[in-house]
Amino acid sequence: MKYKFDWKDKIKNEELEKVIEIIKTNGLVLVPTETVYGIAASALSDEACKKIFIAKGRAQDNPLIVHVSDKEMIRRLVKNVSDIEEKLINAFMPGPFTLVLEKNNVICDTASAKNPTIGIRMPSNSIIHEIIKESQIPLAAPSANISGKPSGTCIEDIFEELKDNVDCIIDGGECKIGIESTVVKVINNVPTILRPGYVTEEDIRKVCGNVRLSENLFKKVEENEKVESPGMKYRHYAPKTKCVLVAKSENQIAKINEILLENEDVCVIGFKEDRDLINAKKYINVGSKYNLEEVARNIFSALRKVDKENVDLAVIEGVEKEGLGLSIMNRLVRACENKVIE
């Protein structure tokens, strides 16, 4: 790491010039977005994007998402945009939304994992937006973490893990949303959610009248299958500690307490309302079960705290798979490697 910049209060112009120079010379910058922190590099350069895969220890067939500053940049990167795709862009960009489109040759093959398509996102966070706008370089920027580990939502969680893997770290404070963007591909004129996020199924239905969920949201994708979105295929968001997810049900808390009786060295990730009902000595409070935005913001930090507890097992309290809860459960199922108690 050559530089560490604090932009929590404002973007400093002299430092911005250094960041742009790093991007232009195929370097890596750890940068905040409104969802999670990302490891950013030029999406136009195979050399730069290969460095992202090395820094993260990421599988080469796991495509990156490309971040842009405006619609004009989208037009430069893709072959065409349909009427329904235009509707989605107008409704959800800038914001925590990624649209999979057919790419042209400007985007390097490393970024797309040699797919003919690429995920395009226009972040609303002012820091990454300003870097893209001033450099006029679209940025490939997957989540800032070693692949498989929980994503980073604040610098403190990921600094030690990544400080030797990037050229510059920008501290923009805590991310507002806390889970990655919703990824959508329009298939046969129907928006299909490949990865759920902050923009929900209901939000998309209001705009397009129809929406579909990918059958892979809660399923293990086989290694030989090609994917067009991150977060679909490999072990994701997971602590080193073995985790099990207890799905929402009438006797959810009873099931958690039963696991606690059967196992000695356990911690629980649960909601503040249930703390006194769950017989756990070690309890990681993820927020209120009546405020899923708070839960989404805290979930990755909570998963990172698990390994610090030095336990044999982590038990996680699940939520309903609806609205933002669908996205939270998608991340938790991946974190638990599909070990779910219904």
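Relative intensity of segment 93-205 on a log10 scale, I(q)/I(0) at q = 0.20 Å⁻¹, equals -1.34, per a Debye sum over C-alpha point scatterers of equal strength in the absence of solvent. For segment 36-56 versus segment 123-182, the spacing of their alpha-carbon centroids is 11 Å.
In deg cm²/dmol and to the nearest 500, what is the mean residue ellipticity at 222 nm of the chain if only DSSP H runs of at least 4 residues count, each as -39500 (n - 2.57), divided by the residue total?
On the way: 11 runs with 110 residues, N = 342.
The helix-only estimate for the chain comes to -9500 deg cm²/dmol at 222 nm.
Modelled spin-label separation between Glu342 and Asn279, with each label point placed 7 Å from Cα along the Cα-to-Cβ direction: 2.7 nm.
In nm, what is the difference between 0.36 nm times the number of residues separating Arg76 and Asp109 and their Cα-Cα distance?
So the extension gain works out to 10.3 nm.
What number does the chain give for Rg over Rh if you use C-alpha atoms and the Kirkwood radius?
In the chain, Rg relative to Rh is 0.97.
May I ask for the Kirkwood hydrodynamic radius of segment 1-139, worked out over all distinct Cα pairs and given in angstroms to one decimal?
Values: mean 1/r = 0.0657 Å⁻¹.
When all Cα pairs of segment 1-139 are included, the Kirkwood radius is 15.2 Å.
Sparse packing (at most 15 other Cβ atoms within 10 Å of the Cβ) combined with a DSSP loop state is found for the following chymotrypsin sites (Phe, Trp or Tyr not before Pro) in segment 278-342: Tyr290.
When the Cα atoms of segment 1-79 are enclosed in a convex hull and the volume is divided per residue, what value in Å³ results? Numbers along the way, then the final one.
Numbers: hull volume 10.3 nm³, N = 79.
It comes to 130 Å³ per residue, whole-number rounded.
Taking the chain, the Cys residues with no second Cys beta-carbon under 4.7 angstrom are Cys49, Cys108, Cys154, Cys168, Cys175, Cys208, Cys267.
I'd like to check one number: the per residue accessible area of segment 112-210, probe 1.4 Å, reported in Å² as a whole number. Let's see the in-between values first.
Working: 3430 Å² over 99 residues.
Here the per-residue accessible area is 35 Å².
With a Förster radius of 22 Å applied to the beta-carbon distance between Asn210 and Glu294, the computed FRET efficiency rounds to 0.10.
Less than 5 angstrom separates the built amide H of Cys243 from those of Ala314, all sequence-distant by 5 or more or on a different chain.
At a 1.4 Å probe radius, carbon and sulfur cover how many percent of the accessible area of the chain?
Numbers: 6480 of 14770 Å².
In the chain, the share of accessible area belonging to carbon and sulfur is 44 percent.
Among the trypsin sites (Lys or Arg not before Pro) found in segment 71-101, those both in a DSSP coil and sparsely packed, with 14 or fewer other Cβ atoms within 10 Å of their Cβ, are Lys79. In segment 40-197, Cα pairs under 8 Å separated by at least six residues give a relative contact order of 29 percent. Extension gain for Glu258-Ile146 works out to 37.0 nm (0.36 nm per residue, less the C-alpha to C-alpha distance). The local environment of Ile155, defined by Cβ-Cβ distances under 11 Å, has a net charge of -4 under the rule Lys, Arg +1 and Asp, Glu -1.
Can you give the alpha-carbon Rg of segment 272-342 over 2.2 N^0.38 Å, where N counts its residues? Display every interim value, and only then the final one.
Values: Rg = 11.9 Å, N = 71, 2.2 N^0.38 = 11.1 Å.
Ratio of Cα Rg to 2.2 N^0.38 Å: 1.07.
Rounded to 0.05, the FRET efficiency of the Glu202 and Glu15 pair, given R0 = 41 Å and the Cβ-Cβ distance, is 0.55.
Out of the DSSP beta bridges found with both residues in the chain, what percent are antiparallel (nearest 5)?
On the way: 19 of 49 bridges.
Taking every DSSP beta bridge within the chain, about 40 percent pair in antiparallel fashion.
The values are calculated or read from the model by the stated rules, or taken from the named source; none is laboratory data. These figures come from a predicted structure and were not determined experimentally. Cβ coordinates were reconstructed from backbone atoms using ideal geometry, including for glycine residues, and neighbour counts include every protein chain displayed. Protein only, heavy atoms only, side chains kept; ligands, DNA and RNA dropped before computing areas. Shrake-Rupley method; radii C 1.70, N 1.55, O 1.52, S 1.80 Å.
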